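Below is one structure, written out as structure tokens, with a few remarks after it.
The values are calculated or read from the model by the stated rules, or taken from the named source; none is laboratory data. Everything numeric in this text was worked out from a predicted model, so none of it was measured. Backbone-built Cβ (ideal geometry, glycine too); neighbour counts: all protein chains shown. For the accessible areas, the whole protein counts, side chains as well, though only heavy atoms, and no ligand, DNA or RNA atoms are used. Shrake-Rupley method; radii C 1.70, N 1.55, O 1.52, S 1.80 Å.
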Amino acid sequence: MRKPGGGRRGSRKRRQSPRVLVIGEGVTEYNYFATFGQRFNRGHGPALLAKRPHNTGNAGAIVEEAVRTVGRDVNFDRRQGDRCYCLLDVESHDPSKQNVLSGALKRARQAGIHVLLSNPSFELWLLCHRADGVSPQGAFRTPGSVDRELRNGLGIDKAGLNRQPRRYESLLEHVPQAVCQAEELHIQRHGGVQDIRQANPCTEVY
């Protein structure tokens with residue numbers, strides 16, 4: 001039986017493009033991708049959706065939140081190319097987080113959620129936007145050490161960026177450069193090991 005509009009009962013009209021849902025461990029990831037997503041609005045709605053997490057800093061909670069969000073979103077359709085990405089930090093300096101991260105990765109695989117890791121943290125991706133790049137020779141022990149380098153390289157740390165979310169616009173002008181630098185880091189640091197959790201510095205966000 002056809003509906004008045006001509007479509008079959010229960011059929012879903014195909015959208016112009018897939019949608020991408022992004023949820024990270026903190027406000028920094030949200031602000032970055034909320035700003036980035038404004039460039040991908042379409043007549044039928046946004047193609048890139050950033051979700052602000054309820055429970056920050058816990059990889060397991062972030063993945064579970066992504067699973068719930070996808071489950072409740074009646075418009076989320078993998079058959080049309082929709083994808084959900086979780087942005088998680090490795091933070092190998094903190095042994096208590098490693099089992100949590102391993103569990104989160106397993107849960108994400110089971111639920112069809114894509115995970116992009118940054119080692120040690122998402123701030124490394126921000127650092128890739130700076131002109132002189134990130135040296136692949138040295139590792140960052142903690143997210144704080146990345147943040148200090150970010151402040152030195154960009155003149156502002158993540159707290160400053162989050163107090164002035166519009167500052168993310170200036171970062172987005174350098175996304176092509178950030179992609180190239182992150183890809184080079186990935187080749188040099190991740191190329192020799194199977195697991196990005198042993199590759200520091202490295203990020204899959206690109």
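Observations on the structure shown:
- Just so you know, in region 84-114 the residues that are hydroxyl-bearing (Ser, Thr, Tyr) and either in contact with a Ser or Thr (Cβ under 9 Å, 6 or more places away or on another chain) or buried (at least 17 other Cβ atoms within 10 Å of the Cβ) (or both) include one that is modelled with the highest pLDDT, and it is Tyr85.
- Considering the conditions (1) in a helix (DSSP H, G or I); (2) farther than 20 Å from Gly24 by Cα, Ala139 is excluded by exactly one of them, (1).
- Members of region 40-65 found to be at pLDDT below 80, out of contact with any Pro (no Cβ under 7 Å at 6 or more places or on another chain) and outside any strand (DSSP E or B), listed by number: Gly43, His44
- Among the candidates Arg166, Arg189, the residue that is open to solvent by 60 Å² or more (accessible area, probe 1.4 Å), over 22 Å from Phe36 (Cα atoms), assigned to a helix (DSSP H, G or I) and in contact with a helix residue (DSSP H, G or I) (Cβ under 9 Å, 6 or more places away or on another chain) is uniquely Arg189.
- Evaluating Tyr206 against the criteria (1) closer than 21 Å to Gly37 by Cβ; (2) assigned to a helix (DSSP H, G or I) leaves one unmet condition, (2).
- Residues of region 187-206 that are among the charged types (D, E, K, R) and touching a strand residue (DSSP E or B) at 6+ places or on another chain (Cβ under 7 Å): Arg189, Arg197, Glu204.
- Taken together, Leu117, Leu154 contain a single residue that is over 20 Å from Glu25 (Cβ atoms) and buried (at least 16 other Cβ atoms within 10 Å of the Cβ), which is Leu154.
- Boolean, Thr142 is in contact (Cβ under 8 Å) with a residue 40 or more places away in the chain, open to solvent by 30 Å² or more (accessible area, probe 1.4 Å) and hydroxyl-bearing (Ser, Thr, Tyr): yes
- Matching residues in region 79-125 - criterion: being touching a Leu at 6+ places or on another chain (Cβ under 9 Å), in a helix (DSSP H, G or I) and in contact (Cβ under 8 Å) with a residue 60 or more places away in the chain: Leu101, Glu123, Leu124, Trp125
- Selection from region 54-81 of residues that are within 16 Å of Leu116 (Cα to Cα) and out of contact with any helix residue (DSSP H, G or I) (no Cβ under 8 Å at 6 or more places or on another chain): Gly57, Ala61, Glu65
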